[in-house]
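Here the structure is laid out as structure tokens; the discussion comes afterwards.
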Amino acid sequence: MENEEVKQEEKEVKTEKKKTAKKWQEEVDALKADAEESKRKWYAVTAEYENYRRRTQNQSASRYQDGRNDVIASLFPIGDNLERAMNACADENTKQGLDMVLKAFQKVLESEGVEEINPLGQAFDATYSEAIMAMPAEENEESGIVKQVYVKGYKKGDKVLRYAQVIVTQ
């Protein structure tokens, strides 16, 4: 009987150990799952932060460039007025002085990467020009050709800073 009691006790101890081991294994598995979930969340937050950082950096650079372009665009009327003054000027010395100032103005635009849009004699392209008037086409003249540039246009790279205002043939 004592032998049976010992066997029974050993059996109960083994069963208890199995239950405890199973319980511990379940807890370990749950902790591993929690760790994996935390790791996944950490990766997601890290990736989101990187995306945010890049996005704000690009927006900042874009805003800076847009601000520079706005300042440059505000100078265009000054260049227009210098050209008009030079064309209307009768005094040769004054004309020469205006020409020097106009060349300095154009050099500043060039140093900023600004190019003049000159569509004269070309087919009208709404990407770079704004038609302000239409004229009847003369004989042997195609329709839709830029006949006269009323106000110069400017672009920087692919971005149009000011559309050329043109007169187009009908």
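The values are calculated or read from the model by the stated rules, or taken from the named source; none is laboratory data. Keep in mind that what you see is a predicted model, and the values were worked out from it rather than measured. Don't worry about glycine lacking a Cβ; one is built from the backbone with ideal geometry, like all the others, and counts go over all protein chains shown. With ligands, DNA and RNA removed, areas are computed over all heavy atoms of the protein, side chains included. Shrake-Rupley method; radii C 1.70, N 1.55, O 1.52, S 1.80 Å.
Relative to the longest principal axis of the Cα atoms of the chain, helix 92-111 runs at roughly 20 degrees. Counting only alpha carbon atoms, the long axis of helix 2-88 and the longest principal axis of the chain meet at about 10°. When only the Cβ of Lys, Arg, Asp and Glu is charged (+1, +1, -1, -1), the dipole of the chain relative to its Cα centre reaches about 500 debye. Rg ratio for region 1-84: its Cα radius of gyration over 2.2 N^0.38 Å, N being its residue count, equals 3.05.
Taken as Cα centroids, region 41-86 and region 142-161 sit 23 Å apart, rounded to the nearest whole angstrom. Picking from Val45, Val28, Val151, which is most flexible by a Gaussian network model of the chain using Cα springs under 10 Å? In the Gaussian network model the winner is Val28.
Surface exposure of region 17-65, expressed per residue as accessible area with a 1.4 Å probe, stands at 96 Å². DSSP beta bridges confined to the chain are antiparallel in about 65 percent of cases.
For Gly144, nonlocal amide neighbours, meaning residues 5 or more places apart or on other chains whose placed amide H falls under 5 Å from its own, are Thr169, Gln170. Answer with a single label: of (i) 18.5, 66; (ii) 16.1, 51; (iii) 39.0, 135, which was calculated as Rg and Dmax of the Cα atoms in Å from the structure in view? So the calculated entry is the one marked (iii).
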